1. Considering the range 297-348 alone, what residues qualify as being aliphatic (A, V, I, L, M), farther than 23 Å from Ser244 by Cα and surrounded by fewer than 18 Cβ atoms within 10 Å (Cβ to Cβ)?
2. Kindly provide the set of residues from the range 191-215 that are over 20 Å from Gln276 (Cβ atoms) and modelled with pLDDT of 90 or more, ordered by number.
3. Among the residues of the range 263-275, is any over 15 Å from Thr340 (Cα atoms), open to solvent by 20 Å² or more (accessible area, probe 1.4 Å) and modelled with pLDDT of 90 or more?
4. Identify all residues within the range 192-214 that are over 27 Å from Leu385 (Cβ atoms) and surrounded by fewer than 21 Cβ atoms within 10 Å (Cβ to Cβ); write none if there are none.
5. Looking at Leu275, Leu251, which is the one that is within 16 Å of the chain's Cα centre (by Cα) and not in a loop (DSSP other than H, G, I, E, B)?
6. Every residue in the range 376-394 that is over 19 Å from Ala425 (Cβ atoms) and either free of Cβ contacts under 8 Å to residues at least 12 places away in the same chain or in contact with an Asp or Glu (Cβ under 9 Å, 6 or more places away or on another chain) (or both), please.
7. Of the numbered conditions (1) closer than 18 Å to Val160 by Cα; (2) open to solvent by 60 Å² or more (accessible area, probe 1.4 Å); (3) out of contact with any Pro (no Cβ under 8 Å at 6 or more places or on another chain), Arg217 satisfies every one except a single condition; which is it?
8. For the range 87-191, list the strands (runs of 3 or more DSSP E) that sit wholly inside it and hold at least 2 residues that are open to solvent by less than 40 Å² (accessible area, probe 1.4 Å); which are they?
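The values are calculated or read from the model by the stated rules, or taken from the named source; none is laboratory data. Remember, it's a predicted structure, so these values are computed and weren't measured experimentally. In this analysis, Cβ positions are derived from the backbone assuming ideal geometry, glycine residues included, and neighbour counts consider all displayed protein chains. The area values use the complete protein model at the heavy-atom level, side chains included, leaving out ligands, DNA and RNA. Shrake-Rupley method; radii C 1.70, N 1.55, O 1.52, S 1.80 Å.
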Amino acid sequence: MSLLERMSGGSQTPPEKPAAPAPPPGEEALAEERQRGPLRPELLEDKARIHAQLVELSSTTGDMGDRDQVRARIVELTERYIRATGLMLSRRDFEVLVESLVDDVLGLGPLEALLADADITEIMINHPRQVYVERRGRLTLSDVGFESDRQLRQVIDRVVSSVGRRVDESSPMCDARLADGSRVNVVLPPLALRGACMSIRKFSRENLAVADLLRIRSCSKDMMRLLEAAVRARLNIVISGGTSSGKTTLLNLLSTFIPDSERIVTIEDAAELRLQQEHVITLEARPPNVEGSGAVPIRALLVNSLRMRPDRIVVGECRGGEALDMLQAMNTGHEGSMSTVHANSPADAISRLETMVLMAGAELPSRAVLKQIAAIDLIVQAQRLRGGARRIVSITELTGMEHQEVTYQELFTYRQVGVSEEGAAYGYHAATGAVPTRLGHLHASGEEVPASLFRPAPPPPREEMY
């Protein structure tokens, strides 16, 4: 009788021939096994011993091969360990033990189950035994946890080292990314008092299309029609919003409207943008090395990009002095550039840009700074509403300067009417009635945007609000 038959309570009659090894499970089977729950605490010591044997074996045999080969090797070692120690395991415990070892060797340990769940958009590890997840905009405590501080540190080191960065007690904070582009932030003790913490903002496996944004009511058809025309007509666009409001997702979507014939340079602190065009140059800032030298900030990349003959410059996010260089690029023949900023409203975005320009160290008069900011044509405000829904809540056009202030007008807005019994905000998108001053420029660029697009309409009935 095979080991698995004994664990599942099979017949005591031995087979005439040894059973052929079962083929490695596919992705659906692996996902099902991961849902069986965490490994029982009393098996942690046994897992550590099997893992030590696996490490010793790999050091002598070299390359462990792909996932199927590693899993077969782990199954063999686990069965050998069970025979040698007389350990009694159920089929469920055996499968969970094997998958836990596979995830530790090839993946990110307990996080593999959460990363495989398409409904989860963010993973937040407060400390090794407390992991929260975001599903459909709502935070819940997951049943996943790390076996020890050491296991969490191993996962962190694997993520950080994969992108050539480091994190330790001397440099306890780090931004990194996973292979699929998901954003990772790590904070270690002594800054994190309850143990290492990590957050992972997952990227969807497929980029959202216009139809997806319309389906989830993130914006209206008229708003998307204006944004498409604005990108194609090379208007400068800044996407503003708070944390997790969907700025990068929206920037990715707007970039799809850029014609394939144009040369695009993207500049980011950690590469997250996934442009679909062929002619794209992707630049990523570099942090300092162990000696504290060798850093290449976004500002240096932005200045260098001007010598790379770009048609468009896309900056993932402006956080500091690079805002000055981005605005100068918009003013010096690189129309159609785009970026994101953290701000709660279009007015706040203008104020924050002014502050970031001053952070560049250039002693410019306020009027000169505001004239640079006036080069921006549109500010698109994204917001995460109560209940978790992400909406484009405003499209605002900058119209120039008056009395030492940047003037602007709102073209489209999201009017929140109330909150449902489930705690979700609801309302509707509407035009404000203001006609953009750049409508003639859009027409001259071959974009058919009728003035009727900006005509306000009466509010819809309650059942049609979202």
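1. Ala300, Val303, Leu306, Met308, listed by residue number.
2. As a first pass, look at the range 191-215 and keep what is over 20 Å from Gln276 (Cβ atoms): 191-201.
Within the range 191-215, Leu191, Ala192, Ala196, Cys197, Met198, Ser199, Ile200 meet the criteria.
3. Yes: one or more hits.
4. Ala192, Leu193, Arg194, Gly195
5. Values: Leu275 fails: not in a loop (DSSP other than H, G, I, E, B).
Exactly one residue qualifies, and that residue is Leu251.
6. Correct list: Asp377, Leu378, Ile379.
7. Against the list (1) closer than 18 Å to Val160 by Cα; (2) open to solvent by 60 Å² or more (accessible area, probe 1.4 Å); (3) out of contact with any Pro (no Cβ under 8 Å at 6 or more places or on another chain), Arg217 comes up short only on (1).
8. By residue number, 120-127, 130-135, 173-177, 183-187.
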